[in-house]
Amino acid sequence: MENSKNISRDLFPGALEMMILESLRRQPAHGYVLVQHIQQRSNNLLEVEEGSLYPALQRLLKAKLVKAEWTISSATNRRVRVYEITKNGSLHLEKEISRFDRMLEGIQMVLGPKRGEMNS
Amino acid sequence: MSWLGRIFHRRDMYDELGEEVQAHLEEKTEQIMRLENLPRAEARQAALRAFGNQTLLEERSREVWQWSRLESILADLKFALRRLRRSPGFTITVLLTLAIGIGANTAVFSVVRSVLLKPLPYPDSDQLVSLWLNAPGAAGLANFQKGLPLSASMYFAFSENNRTFQSLGVWIAQKANVTGLARPEEVNTVLVTDGILETLGIPPLAGRALTAADQIPNGPKSIMLSYGYWQRRFGGDHSVIGRTIIVDSQTRTIVGVMPRGFRVVDHDFDILVPFAFERNKQQLAGFGLQGIGRLKPGMTIPEANADIARTIPIWMDSFSNGPGSDSHWYVKWKITPDFHSLKTEVVGSVGSVLWVVMGTIGIVLLIACVNVANLLLVRAEARQLELSIRAALGAGRGRIARELLLESALLGLLGGALGTGVAAAALRFLVVLGPANLPRISEISLDAGSILFTFSISLFSGLFFGAIPAWKYALTRTRVSLGAARTVSAGRERHRSRNILVVAQVAMALVLLVCAMLMIRTFQQLRMVDPGFTDASSLQTLHVAIPDSLVADSRMVVHVQNNIADKLASVPGVTSVGFAQTVPMEGVGHGWNLIYVEGKIYQGDPPIRFYNYISPGYFQALGTSLIAGHDFDWNDVYNLLPKVIVSENLAREEWGSASAAIGKRMREAPSEPWFQVIGVVRDVRYDGVDQGAPAIVYWPALIKNPWMGTFAPRSMAFAVRSKRAGTQTLLNELQQAVWSVNGSLPVASPRTMQEIYSKSLARTSFTLLMLGIAAAMALALGIIGIYGVISYAVSQRTREIGIRMALGAKKGELRLMFVRSAMMLTGIGIVIGLGAAFAVSRLMRTLLFGVSPLDPISFAVVPLILAAAAALASFLPASRAAAVNPVDALKVE
């Protein structure tokens, strides 16, 4: 428990939401599938505590970035709540991704080439 | 969904969330069963592990829809309230402790704030300056408590020539007779020059303020009323403006009324009368006026000092002490301005008292908090199992800590709310108690600032005493163990924090008790001081002033006074009567002058001596014994015989002994005839018991000297010795006696000497009372603390006691074991407390009289009292331990 907490703490705030939105952009899904998707896509590098998805989903719902609907899953024949990205959600995601890219770029510029130069 | 809709649909949403999570877990379980071929139960476990803390995560998800945790706090609050309701004994104890602790602090803070912190009730009051002078060159002037007051000529010189003041003026408080209304009465008067009202900056409530035109000698005779006098005498009638009243036989026109609460510096008055000085008749001397001024914006007191220092030579150039006198004679006095802010003047020495009281009351609150923390610790300990279970079920540590803190903050705030009530009551009591020399007492109130203070200390104390159990039970991991709930005898470590709290309590209580003890000793010392008069409770004093418009001739004035004294003496039950310009301890300034003693050669000036004018029989009425020689008789007085009586300390200083003084001669000026010393009287503490007795020259009630001619003081205090002193019937008869001499003479400020005497002790008795209350509370709380800790230890160790008894321990030994542990804690507390008291008592130095801050008696007695109290407090629960039946104790489990 302590361990998984540490990992989820290591994700920066908003990262989980971004990943959820990106997954939902590809296709609507319910919670369980979303987790599987994120874990597979990350080659299990990000071991997201599965439950932490739900508070994040609630935040997205509240911000009207996603919407949800109860349906019967065709695969398991179970009643599931399927989440779908909204138009606002898509816009928000794009903005977040470009912000994230810029941030990553910045971080890399600080860490990357400079470190190489100094070592050589 | 609107926020309203969200609230109504929240329950559904929470249900959906639960369903969703369950579906997730189910799907995960099935997948694990499928992929890893595990039985259902194990797969379910794995799914739960992967999911994380389900309870916590669901709570977090729900929180998304709530208002930033407010609601979960509200829920906790509801829970805390319910829990408090369920244990009324605990709740009432805690709330009472806090209400008293916080209430006392709020009350004292309100006083400190109103008296010390708030600006004076005048606009831009930080510009106001009180004008006192220093005159290091004037021998004997050091006897004045505040410095040299101003003379009228100084007022003219300063106000005409200064560059630093917007306005300045002088004033003096006096009594005046108002006649022509219902019956003659003596009223409190403030005489003012132009500039006083302008300086204070308060506009009149009705009519107009006194102006420069009202100060023209022989100009319009104007007067202003105070709000109180206006209401009392004229029922607040606005048509009073323009009416005339007769003040000291002078008809004066009422031009305005000052608003409610307006005082001249710290002086309540009935009427404001213009001085109307004639500038060209003023001499250099006459230093008896109080000065105040308003600085120009940006000017400082040092600048004002320098500015006025520059005008002092101008003053000496412009005025003289009469033809032929040396107008630069005062150069020798080295007069320099010693101005200070008006607030310093008003607040005076009461600051040190109030800060000491505030400090001690603060300590009481700390002790109270420690007690409450102790109770909360016990309570949290009892809840340990519950808390452990909740932690095991997934409650976050922060959540549990928040709940504990919320409970204690709630207690703090409830205590604070009750405390406000306590404070309001305490303040009312305090104002009724009215310590005479507490300045600005009319301004004391429970205002928004005090309420804010109460709120802050309530919250602070709540968090303070709540933090200890919260830290112990929620934030440290070791505590959260289910096994601990079943231990038989509490471990040493478990008691440690409570023991530390008790030690702290004992130490703080000791400090307060030492302070209170020092005040008690001070009070004792003061009571032992011989004031120079006897049996104060059978000595009635009253004032009668004879205006010159009623009786012009000085000799006649004394005849009237003599008549009054005779009439007073014939009142049944009166054994002796005398009168004097000032009676002891009334706080009235002394007259003074240089006194030349025959046969002495002075380098420069002879020392300044205080004096008093007295009638024959005054000393007898007062009970002040003559040590040598004899009293004046009326023959001496009326024949203006140059005789004088001196105080014992003056006689010793000038001639070595009382008897040696008899027959020696003295005078006020080289041009004056000699006065022969005919008597020496015991020293009288004119300025209060805690001040040394001044050296005094007693002139007869009628005196002749070159510059005043035949002079008799017109305002005299009569001292009437009677067993009936202080009764209304005696007062009525005395009043009738005065009126039988002249119907328009009012009787003013009738008081017994006991009242005057007690008033002079007011500061000490006030401090004593406050410290006494604080110390008593500290002692009580300390005892409760020790009692609580030992009782709890006994109840926790019942089983251990049983085993000990079964193994042969004697009851006495067991009792001793618990008493010993209490005494151990007390001992440590006493040692720490003594160290603190050594440091703290020094701060009280200015409040003590005849007692060292390290008074050995106080420092010896208080630890004994505390130790005895602690022994008693631990003996009761220890006896309970000894009474345990070992069979029952062992059966408990």
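What follows draws every value from the coordinates through simple rules; no lab data is involved. Remember, predicted model here, so these are calculated numbers, not experimental data. Note that each Cβ is placed from the backbone with ideal geometry, even for glycine, and that neighbours are counted across all protein chains shown.
Of the residues making up the stretch B:803-811, at least one is more than 25 Å from B:VAL503 (Cβ to Cβ) and buried (at least 17 other Cβ atoms within 10 Å of the Cβ). Of the residues in the stretch B:504-522, at least one is within 30 Å of B:ALA717 (Cβ to Cβ) and of a type outside the set (A, V, I, L, M, F, W, C).
Inside the stretch B:36-98, counting only helices (runs of 4 or more DSSP H) that do not spill past its ends, which hold 2 or more residues that are buried (at least 17 other Cβ atoms within 10 Å of the Cβ), within 14 Å of another protein chain (Cβ to nearest Cβ) and in contact (Cβ under 8 Å) with a residue 40 or more places away in the chain?
B:54-64
Scanning the stretch A:60-88 for residues that are more than 9 Å from chain B (Cβ to nearest Cβ) and part of a strand (DSSP E or B) returns A:VAL66, A:LYS67, A:GLU69, A:THR71, A:ILE72, A:VAL82, A:TYR83, A:GLU84, A:ILE85.
At negative phi, in a loop (DSSP other than H, G, I, E, B) and of a type outside the set (Val, Ile, Thr): which single residue out of B:ASP326, B:ASP317 fits that description? Going through B:ASP326, B:ASP317 in turn, the sole match is B:ASP326.
The residues of the stretch B:12-26 that are within 20 Å of A:GLN58 (Cα to Cα), within 11 Å of another protein chain (Cβ to nearest Cβ) and acidic (Asp, Glu), listed by number, are B:GLU16, B:GLU19, B:GLU20. For the stretch B:598-640, the tally of residues that are small (Gly, Ala, Ser) and touching a Leu at 6+ places or on another chain (Cβ under 6 Å) stands at 0.
Scanning the stretch B:212-251 for residues that are crowded, with 20+ Cβ neighbours inside 10 Å and of a type in the set (D, E, K, R) yields a count of 2.
Would you check which residues across the stretch A:17-40 are away from chain B (no Cβ under 14 Å) and hydroxyl-bearing (Ser, Thr, Tyr) and list them? Full working, then the answer.
If we filter the stretch A:17-40 for residues that are away from chain B (no Cβ under 14 Å), which is where we start, we get A:18-19, A:21-28.
Result: A:SER23, single match.
The set of residues in the stretch A:41-53 that are facing chain B (nearest Cβ under 8 Å) and free of Cβ contacts under 8 Å to residues at least 40 places away in the same chain comprises A:GLU50, A:GLY51. Before we move on, is A:ALA56 within 12 Å of chain B (Cβ to nearest Cβ), buried (at least 16 other Cβ atoms within 10 Å of the Cβ), without any contact (Cβ under 8 Å) to a residue 24 or more places away in the chain and not polar (S, T, N, Q)? No: the conditions fail for A:ALA56.
Residues that are crowded, with 20+ Cβ neighbours inside 10 Å and farther than 30 Å from B:LEU150 by Cα do not occur anywhere in the stretch B:122-135. With respect to the conditions (1) more than 27 Å from the chain's Cα centre (by Cα); (2) part of a helix (DSSP H, G or I); (3) among the aromatic types (Phe, Trp, Tyr), B:PHE533 lacks only one, and its number is (2).
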